[in-house]
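J.: After the structure tokens below, expect a handful of questions from me.
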Amino acid sequence: MNFVKTTEQSSSYEHLEKMTVTDILTNINNEDKTVPLAVEKALFDIEKLVNKIVSKLNIGGRLFYIGAGTSGRLGIVDASECPPTFGVSFNLVNAIIAGGDLAIRKAVENAEDSTTQAWLDLQEHNINEKDFVIGIAASGTTPYVIEGLKKCNENNIVTGCITCNENSPLALTANFPIVVVVGPEFVTGSSRMKAGTAQKLVLNMISTATMIRLGKVKGNKMVDMQLSNNKLVDRGVKMIISEINVDYQTASRLLKQFGSVRKAVEEFQKTI
């Protein structure tokens with residue numbers, strides 16, 4: 001099967017250094033506009049993946065992201081935002097980056113080239129058949145990610161992936177591949193740009209749709225969010241006001257008493 005890395009093909013733009021700032025920004029913006037349309041073409045595959053994740057989490061499983069470089073960092077961002085946003089435990093959605101925590105801020109030489117480390121990293125979390133593992137790699141050729149998914153497949157752990165190249169080794173390895181073809185980057189090969197944006201959009205969809213299906217959103221509100229700062233406390237109070245039509249002081253007291261918007265609303269409704 002023919003495999004061409006479109007993410008590595010030459011940019012459609014020449015002589016970037018001769019462009020004005022206005023031209024650079026306009027051209028980047030024009031390229032970025034194509035990303036949501038590319039994601040749209042993958043919606044069916046994203047739906048299948050989300051449904052499988054939900055079924056796994058409903059039986060006590062966990063979701064894992066594995067990646068290297070930009071892809072790994074995007075997985076960390078998405079996983080780290082699930083507990084405060086949806087009030088889930090910190091081990092429900094997990095992200096592992098090649099090279100460990102040091103690689104979050106600085107590139108770790110050759111970490112993505114390891115063919116054995118991803119499985120070792122997953123084993124530290126006692127990975128098992130109830131879990132679901134998504135490999136993230138724009139190129140679709142990162143050894144750390146591919147070999148990690150292969151070991152998961154061998155151990156009956158369901159796998160998915162997010163990549164930006166059709167027929168890539170990663171897409172052919174995952175049970176539930178998501179391929180978002182964004183084409184060449186504005187700066188040739190800089191897949192932190194359109195490819196990174198596409199991966200972020202897909203991750204947003206996966207985690208948000210999953211949490212909604214798990215009942216972590218009521219109406220359109222984050223009723224289980226963690227109240228970790230004054231802004232979120234104020235948001236929670238206003239949610240309670242809109243739900244049960246009480247004044248600010250009462251809503252604030254209820255939130256403080258019960259610790260979450262959901263519990264505050266439920267407990268108040270029991271009294272009426």
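The values are calculated or read from the model by the stated rules, or taken from the named source; none is laboratory data. Please read all numbers here as calculations on a predicted model, not as lab measurements. With ideal geometry, Cβ positions are generated from the backbone for all residues, glycine too; neighbour counts draw on all protein chains shown. Keep in mind that these areas ignore ligands, DNA and RNA; they rest on the heavy atoms of the full protein, side chains included. Shrake-Rupley method; radii C 1.70, N 1.55, O 1.52, S 1.80 Å.
J.: Roughly how many Å² of Thr141 are accessible to a 1.4 Å probe, to the nearest 10?
T.: So the heavy atoms of Thr141 present about 40 Å² to solvent.
J.: Taking all pairs of different Cα atoms in the chain, averaging 1/r and flipping that mean, what Kirkwood radius in angstroms comes out? Each step should come with its number before you reach the end.
T.: On the way: mean 1/r = 0.0495 Å⁻¹.
Every distinct Cα pair counted, the radius reaches 20.2 Å.
J.: Amide H neighbours of Ala95 under 5 Å, at least 5 residues apart or on other chains, H built in the peptide plane: list them.
T.: Tyr65
J.: Additional query: Explain nothing, just the number: dipole magnitude of the stretch 102-261 about its Cα centre with +1 on each Lys and Arg Cβ and -1 on each Asp and Glu Cβ, in debye rounded to the nearest 20. Before the final figure, lay out each step's value.
T.: Numbers: 17 positive and 15 negative charges, 177 e Å.
The dipole of the stretch 102-261 has a size of about 860 debye.
J.: Are there any GluC sites (Glu not before Pro) in the stretch 90-150 that are in a DSSP loop and have at most 13 other Cβ atoms within 10 Å? List them by number. Walk me through the numbers on the way to the answer.
T.: Values: sites: Glu109, Glu112, Glu124, Glu129, Glu147; in loops: Glu109, Glu124, Glu129.
Those that pass, being in a loop and sparsely packed, are Glu109, Glu124, Glu129.
J.: Further question on the same structure: Return the long-range amide H neighbours of Ile162 (sequence gap of 5 or more, or a different chain), with a cut-off of under 5 Å between placed amide H atoms.
T.: The answer is Gly135, Ile136, Ala137, Ile178.
J.: Now, a different point. How fast does the stretch 115-189 diffuse by Stokes-Einstein, in µm²/s, taking the Kirkwood radius from C-alpha pairs at 25 °C and 0.890 mPa s?
T.: Details: Rh = 12.5 Å.
In µm²/s, the coefficient is 196.
J.: Cross-link partners among lysines for Lys33, C-alpha distance below 18 Å, same-chain residues fewer than 8 apart left out?
T.: Output for Lys33: Lys41, Lys194, Lys200.
J.: Restricting attention to the stretch 1-102, which GluC sites (Glu not before Pro) occupy a DSSP loop and are surrounded by at most 13 other Cβ atoms within 10 Å?
T.: When the GluC sites (Glu not before Pro) of the stretch 1-102 are filtered for loop state and at most 13 Cβ neighbours within 10 Å, Glu14 remain.
J.: Can you give the translational diffusion coefficient of the stretch 1-111 in µm²/s, computed by Stokes-Einstein from the Kirkwood radius over Cα pairs at 25 °C and 0.890 mPa s?
T.: Values: Rh = 17.5 Å.
Rounded to a whole number, D works out at 140 µm²/s.
J.: Could you please state, rounded to a whole Å, how far the C-alpha centre of the stretch 161-215 is from the C-alpha centre of the stretch 1-26?
T.: Spelled out, the Cα-based centre of one part sits 20 Å from the other.
J.: Report the chymotrypsin sites (Phe, Trp or Tyr not before Pro) located in the stretch 69-120 that are in a DSSP loop and have at most 15 other Cβ atoms inside 10 Å of their Cβ, or state none. Could the numbers behind the result be given before it?
T.: On the way: sites: Phe86, Phe90, Trp119; in loops: Phe90.
Passing sites in the stretch 69-120 are Phe90.
J.: Using θ = phi - 60° and the Karplus curve 6.51 cos²θ - 1.76 cosθ + 1.60, what whole-Hz ³J(HN,Hα) does each residue of the stretch 192-204 get, with Gly and Pro shown as x?
T.: Result, ordered by residue: 6, 8, 4, 5, x, 4, 4, 4, 4, 4, 5, 4, 4 Hz.
J.: Still on this structure, I have one more. Checking the cross-link filter: which lysines have an alpha carbon closer than 25 Å to that of Lys238, excluding same-chain neighbours under 8 positions apart?
T.: Straight-distance partners of Lys238: Lys216, Lys218, Lys221, Lys256, Lys263, Lys270.
J.: Would you calculate, for the chain, the mean residue ellipticity at 222 nm contributed by helices, counting each DSSP H stretch of 4 or more residues as -39,500 (n - 2.57) and dividing by all residues, to the nearest 500?
T.: Values: 11 runs with 131 residues, N = 272.
Mean residue ellipticity, 222 nm, calculated: -15000 deg cm²/dmol.
J.: So how tilted is helix 43-57 from the main axis of the chain? Cα-based, degrees 0 to 90, rounded to 10.
T.: That helix lies at roughly 50 degrees to the long axis.
J.: Treating each Cα of the stretch 171-272 as an identical point scatterer and ignoring solvent, apply the Debye formula and state log10 I(q)/I(0) at q = 0.11, 0.17, 0.25 Å⁻¹.
T.: -0.53, -0.80, -1.28
J.: Shifting gears a bit: Going by amide H atoms built from the backbone, whose H comes under 5 Å of the H on Ser114, apart from near neighbours?
T.: Tyr144
J.: For His15, His125, give the ranking by accessible area with the largest first, probe 1.4 Å.
T.: On the way: His15 110, His125 70 Å².
Sorted by accessible area, descending: His15, His125.
J.: Right, next: Could you tally the net charge around Phe90, taking each other residue with its Cβ under 12 Å from the Cβ of Phe90, Lys/Arg +1 and Asp/Glu -1?
T.: Neighbourhood net charge equals 0.
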